[in-house]
Amino acid sequence: MHSTHIDKKNGMHEFYPDCTVIHPTAVVSELAHIDTGARVGPYSIIEDNVHIGSGSVIGPHVVIKRNVRIGKNNKIHSHSVLGDTPQDISFIEDEPTWLIIGDRNVIREGVTIHRSTSTENPTMVGSDCFFMAYAHIAHDCVIQNGVILTNNVALGGYVEVGEKAFLGGAVVVHQFCRIGCFSMTAGQIAIRRDVLPYSLIGGCPVRHFRLNTIGLRRAGLKGKRYRALEIAFRALRKEKNSNEFPLTAETELLRSWYLSPSKRGVYGFASSDEADSF
């Protein structure tokens, strides 16, 4: 069980690490479970079947709809709406579908994340992600760990985003697209096909330009591991057989991803001259 401490004299609350702190203006369902050490801010609404992990901070005016699980130490800023019904005209509102969010995520103001259309596969957000203001994640998306969505990014339904991918401002992603891990997508473009792992993509028309050099080096992918990815990327550019990739964990992931079924197809490559100038 958890305890709640409210300073009724001045309408404010004191924070104790062994208490659950709920502001007196918040509306929290009796069927919600708020773990010890979590906080719920002013005027927020927590509906049925919501579980909020310890250390998570729910800011003011946040709405968390039913059937949402939120892990530990998340920071959810004002006016975010989590777990609302899918924007799918075929969806039956009473279907018991879910949104599941991991640990240590930062969800900034105005972010919207919808629960799934499927009762078997929830909308999934991993851990250590950073979603900037007014980003939108639609139903049935799967977002892996460490992903950054900058302001006004919009993901359609069933989009998959790999570990530590970075999407620039106002990027719009078509439903069923795959965004590969450690990729970087330039801002203000529409993604209608799959984006290769480890790549830098942008331009008009949209194309893969080169490896996401800065992102990879920040992640510790350098030396022989980086050079192996360079060889693999050049092989894909020249449409060579992926069996010719050097053998590393990263090139094996790239090969497996590239050979997996794609509903939208994979973007092509800029010319060598264009890639050097990007």
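The values are calculated or read from the model by the stated rules, or taken from the named source; none is laboratory data. These numbers come from a predicted model, not from an experiment. Glycine also receives a Cβ, built like all others from the backbone with ideal geometry; neighbour counts cover every protein chain displayed. The accessibility values were calculated without ligands, DNA or RNA, using every heavy atom of the protein model including side chains. Shrake-Rupley method; radii C 1.70, N 1.55, O 1.52, S 1.80 Å.
Give me the accessible area of PHE91, 1.4 Å probe, in Å² rounded to the nearest 10.
Using a 1.4 Å probe on the heavy atoms, I get roughly 30 Å².
Kindly rank 61-73, 29-41 from highest to lowest mean number of other beta carbons found within 10 Å of each residue. Mind showing how you got there, number by number?
On the way: 61-73: 21.0, 29-41: 17.8.
Ranked from most to least packed, the peptides come out as 61-73, 29-41.
Karplus couplings for region 108-113 from phi (6.51 cos²θ - 1.76 cosθ + 1.60, θ = phi - 60°), rounded to Hz, Gly and Pro as x?
Those phi angles translate into 7, 4, x, 6, 10, 9 Hz.
Compute the distance from the alpha-carbon center of region 178-193 to that of region 195-248, in whole Å.
Each part reduced to its Cα centre gives a spacing of 14 Å.
Suppose a student asked you for the relative contact order of region 85-218, using Cα pairs under 8 Å spaced at least 6 residues apart; what percent would you report?
Values: 403 pairs, mean separation 19.0, N = 134.
Answer for region 85-218 is 14 percent.
With an 8 Å cut-off on Cα pairs and a minimum separation of 6 or more residues, tell me the relative contact order of the chain in percent.
Details: 790 pairs, mean separation 21.9, N = 278.
Here the relative contact order equals 8 percent.
Using +1 on the beta carbon of Lys and Arg, -1 on that of Asp and Glu, and nothing else charged, what's the dipole of region 216-257 about the Cα centre, debye to 20?
Numbers: 11 positive and 5 negative charges, 56 e Å.
So the magnitude is around 260 debye.
Using the Cα centre as the reference, give the magnitude of the dipole from point charges on the C-beta atoms of the chain (Lys, Arg: +1; Asp, Glu: -1; all else neutral), rounded to the nearest 20 debye.
1180
Going from most exposed to least, what order do ASP94, ASP84 have by accessible area with a 1.4 Å probe? Mind dumping the intermediate values first?
Values: ASP94 125, ASP84 50 Å².
Output order, biggest surface exposure first: ASP94, ASP84.
Relative to the longest principal axis of the chain, what angle (0 to 90°, nearest 10) does the C-alpha long axis of helix 224-237 take?
Roughly 70 degrees, rounded to the nearest 10.
Of CYS177, GLY203, ASN145, which is farthest along the charge dipole of region 85-218 in the positive direction, counting Lys and Arg as +1 and Asp and Glu as -1 at C-beta?
Comparing the listed Cα positions along the dipole, GLY203 ranks first.
Find, among the GluC sites (Glu not before Pro) in region 102-197, those assigned to loop by DSSP (not H, G, I, E, B) with at most 13 other beta-carbon atoms within 10 angstrom. Mind showing how you got there, number by number?
Working: sites: GLU109, GLU120, GLU160, GLU163; in loops: GLU109, GLU120, GLU163.
Hits after loop and neighbour filter: GLU120.
Can you give me the angle between helix 249-259 and the longest principal axis of the chain, using Cα atoms only, in degrees from 0 to 90, rounded to the nearest 10?
Value to nearest ten degrees: 80.
Please get the size of the charge dipole for region 49-202, origin at its Cα centre, with Cβ charges of +1 on Lys and Arg and -1 on Asp and Glu, quoted in debye to the nearest 20. Walk me through the numbers before you get to the answer.
On the way: 12 positive and 13 negative charges, 85 e Å.
Charge dipole of region 49-202: 400 debye, to the nearest 20.
Go through ALA190, GLY157, VAL106 and say which Cα lies farthest out towards the positive end of the charge dipole of the chain; charges sit on Cβ, +1 for Lys and Arg, -1 for Asp and Glu.
Checked the options; the winner is ALA190.
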